[in-house]
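> Here it is: the structure, laid out below.
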Amino acid sequence: MNRTLPVLAAVLFLMNVPVWAEETAEEPVDLGMVTRIREEGLHHSQVMETARHLSDVLGPRLTGSPQLKAANEWIRQRLADWGLRNAHLEPYLFGRGWSFTRSAVHMLKPHQLPLSALPKAHTPGTAGPVRGTVLIAKLAKEEDFEAWRGKLAGKIVLLDEPVDLDHQGEEPEPREHTGETLRELGRFPVPADREPDGYKESSIERARFREALNRFLGEEKVLATINGSIRPWGVLRVGRGGPWTPGMSPGVPSVVVAAEQYNRLRRLVEAGQEVELEIEIEARFHDEDLMAYNTVAEIPGTDRGGEIVMAGAHLDSWHTGTGATDDAAGCAVVMEAVRILQALGVKPKRTIRVALWTGEEQGLFGSIAYVAEHFGSWSGPENPERRKWLSVHNWKGEGKLSLRPGHGKLSAYFNMDAGGGKIRGIYAEESAAVRPIFETWLAPLHDLGAGTVTLRRIGGTDHEAFLDVGLPGFQFIQDELDYMARTHHSNLDVYDHLQREDLVQASVVVASFLYHAAMRPERLPRPPLPGSNPSKP
Ligand SMILES: [Zn+2]
């Protein structure tokens, strides 16, 4: 630790010379401990073994599936074997589980050809192999339904426009950050004037429409629906189909076909060819256990009256790859970070707690449930319709925020969920107070490639559950690799796309952040408590 500066500050104070406020005082860094963390993390890493087991052996881990429960248990045991304390599962109400065991889609006419296709999650299977002719039906809003009523029974319906293979949305991120891209990330763009962005209303609209479409397809006895993968080169990007909420319409068997094959099916149908497919999907809902589970364990603190620091990643994945980059990588890294600290026998002042979330892909359900149980939650919309369709991860500002006693005890939460790339820095979520602290912690890790602190915000994953109730939650900046372009939510999200060097590096960075957050004299600076807005009618 650097003891010189506090002493100097005290001398200046006694001489009546103004000193910096606490936030800008020199941040202590324990370089001896960083050395030991690097030694254990760089030379004795187990991170790839953990990542391999999570992805290859345990396989896809859809929330509610028996495989995810097995992964919960395996991690609990692993953390306990490493010597962490209080390793346990925390349940929360999720809904119906789902798994599939077989999927085959063949074109029979105009000629025979197996197609590259996989079922969407939470959609029903077929009763053995079923055959039907293919037609194109635009069912993009409820007003479209009437034109098709009575015409779709026994048919296989192509729902999407042709996939535009040239225009995949925004420019892809570079595989690895450069000095230039990191400098750009460090610049803070002045935001445009605030306009109501309507994202809550559009998400309610989408949820309502999904249910209406599933009901319509079921009533019309549609044999199956097909969407085109939105990624080219045969990548099958497959996510949710039907609902996990008991009592809602499960819809009909529903598959995603490779973009190039999907476009061909459309061209054939448009040219007036008779196209016949055979589809066989074996899938089932699991209603025996409506709970899902987070796995939690800790290194107990010795001081600081029950304060804690946390790191986490989501254990659940989509169902067609093995959830390697999304997010076995993040789980393996945060697990390795606490393994390193445990192996070094650290006695942190604050408790260091690790949490492997589930239900993230469906809407941050696991982390929100945990935060609600321990720290605080929004009461949500009072209007029952709005409450039904607005997902809980959009409840910030709906109703009242109530805090639990634990709210004051959490110093910081660090999240890993941006693929398997190396850590290049951290998002400071617009906290000017936290920036110099992170910059100091990163200083002895610059040579490993981690050095950027940006005040920008990043959303979309579990640290939001903490931010939404006014707690300091952070996500790391990582190299992109093939994440959004190929592996994210796709059948190619497998172990081969993880790089040992990157996960070893990331584990060292996370271990060092956890250690310094646990030992710091004060809690990390906190964001302002979000104000409560009256919920809209
Ligand atoms: Zn993820």
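The values are calculated or read from the model by the stated rules, or taken from the named source; none is laboratory data. Worth saying up front: this structure is predicted, and the values here are computed from it rather than measured. Counting neighbours? That spans all protein chains shown, and the Cβs are built from the backbone with ideal geometry, glycine included.
> Say we look at region 303-329 and pick out the residues that are within 15 Å of the ligand (Cβ to nearest atom) and charged (D, E, K, R); which of these is nearest to Arg240 (Cα to Cα)?
The extreme case among them is Asp316.
> Can you tell me which residue within region 165-181, out of those that are of a type in the set (D, E, K, R) and surrounded by fewer than 12 Cβ atoms within 10 Å (Cβ to Cβ), is modelled with the highest pLDDT?
That would be Glu180.
> Turning to a different aspect of this structure: Filter region 330-344 for residues that are more than 14 Å from the ligand (Cβ to nearest atom) and surrounded by 24 or more Cβ atoms within 10 Å (Cβ to Cβ) and give the result.
Taking region 330-344 and keeping what is more than 14 Å from the ligand (Cβ to nearest atom), we get 335-344.
Once the filter is applied, which keeps residues that are more than 14 Å from the ligand (Cβ to nearest atom) and surrounded by 24 or more Cβ atoms within 10 Å (Cβ to Cβ), region 330-344 yields Met335, Glu336, Ala337, Val338, Arg339, Ile340, Leu341.
> Looking at region 142-195, which of its residues are part of a helix (DSSP H, G or I), farther than 27 Å from His488 by Cβ and small (Gly, Ala, Ser)?
Taking region 142-195 as the starting set, the residues that turn out to be part of a helix (DSSP H, G or I) are 142-148, 179-186.
Still in the list and also farther than 27 Å from His488 by Cβ: 142-148.
Listed by number, the list holds a single entry, Ala147.
> Can you tell me how many residues within region 86-113 are charged (D, E, K, R), surrounded by fewer than 14 Cβ atoms within 10 Å (Cβ to Cβ) and farther than 30 Å from Val269 by Cβ?
Here is the first cut: in region 86-113, the residues charged (D, E, K, R) are 90, 96, 102, 109.
Narrowing the set further to residues that are surrounded by fewer than 14 Cβ atoms within 10 Å (Cβ to Cβ) leaves 102.
In the following step, the residues that additionally are farther than 30 Å from Val269 by Cβ were identified as none.
Looking only at that region, the number is 0.
> Within region 120-156, how many residues turn out to be touching a strand residue (DSSP E or B) at 6+ places or on another chain (Cβ under 7 Å), touching a residue at least 60 places away in the same chain (Cβ under 8 Å) and among the hydrophobic types (A, V, I, L, M, F, W, C)? Don't jump to the end; show me each part of the working.
Taking region 120-156 as the starting set, the residues that turn out to be touching a strand residue (DSSP E or B) at 6+ places or on another chain (Cβ under 7 Å) are 120-126, 128-137, 154-156.
Imposing the further condition that a residue be touching a residue at least 60 places away in the same chain (Cβ under 8 Å) reduces the set to 120-126, 128-136, 154-156.
Remaining after also requiring among the hydrophobic types (A, V, I, L, M, F, W, C): 121, 130, 134-136, 156.
Residues in region 120-156 being touching a strand residue (DSSP E or B) at 6+ places or on another chain (Cβ under 7 Å), touching a residue at least 60 places away in the same chain (Cβ under 8 Å) and among the hydrophobic types (A, V, I, L, M, F, W, C): 6 in total.
> On to the next question. When the residues of region 469-483 are filtered to those that are within 30 Å of Lys400 (Cβ to Cβ) and in contact with a Gly (Cβ under 9 Å, 6 or more places away or on another chain), which remaining residue is nearest to the ligand (Cβ to nearest atom)? Spell out the reasoning first.
Here is the first cut: in region 469-483, the residues within 30 Å of Lys400 (Cβ to Cβ) are 469-475.
Then keep just the ones that are in contact with a Gly (Cβ under 9 Å, 6 or more places away or on another chain); that gives 469-471, 475.
On the way: Val469: 21, Gly470: 24, Leu471: 20, Gln475: 11 Å.
The residue in question is Gln475.
> Does region 490-500 hold any residues that are buried (at least 22 other Cβ atoms within 10 Å of the Cβ) and either closer than 25 Å to Val453 by Cα or within 14 Å of the ligand (Cβ to nearest atom) (or both), and which are they?
Ser490, Asp493, Leu498
> Also, quick follow-up: From the list Ser377, Ser411, which one is more than 16 Å from the ligand (Cβ to nearest atom), in a strand (DSSP E or B) and over 20 Å from the mean Cα position of the chain (by Cα)? Outline the logic, then answer.
On the way: Ser377 fails: over 20 Å from the mean Cα position of the chain (by Cα).
Among Ser377, Ser411, only Ser411 is more than 16 Å from the ligand (Cβ to nearest atom), in a strand (DSSP E or B) and over 20 Å from the mean Cα position of the chain (by Cα).
> List the residue pairs whose Cβ atoms are under 9 Å apart, where the first residue sits in region 423-441 and is closer than 22 Å to Pro191 by Cβ, the second is surrounded by 21 or more Cβ atoms within 10 Å (Cβ to Cβ) and basic (Lys, Arg), and the two are 6 or more positions apart or on different chains.
Here the result reads none, with nothing in region 423-441 linked to a residue that is surrounded by 21 or more Cβ atoms within 10 Å (Cβ to Cβ) and basic (Lys, Arg).
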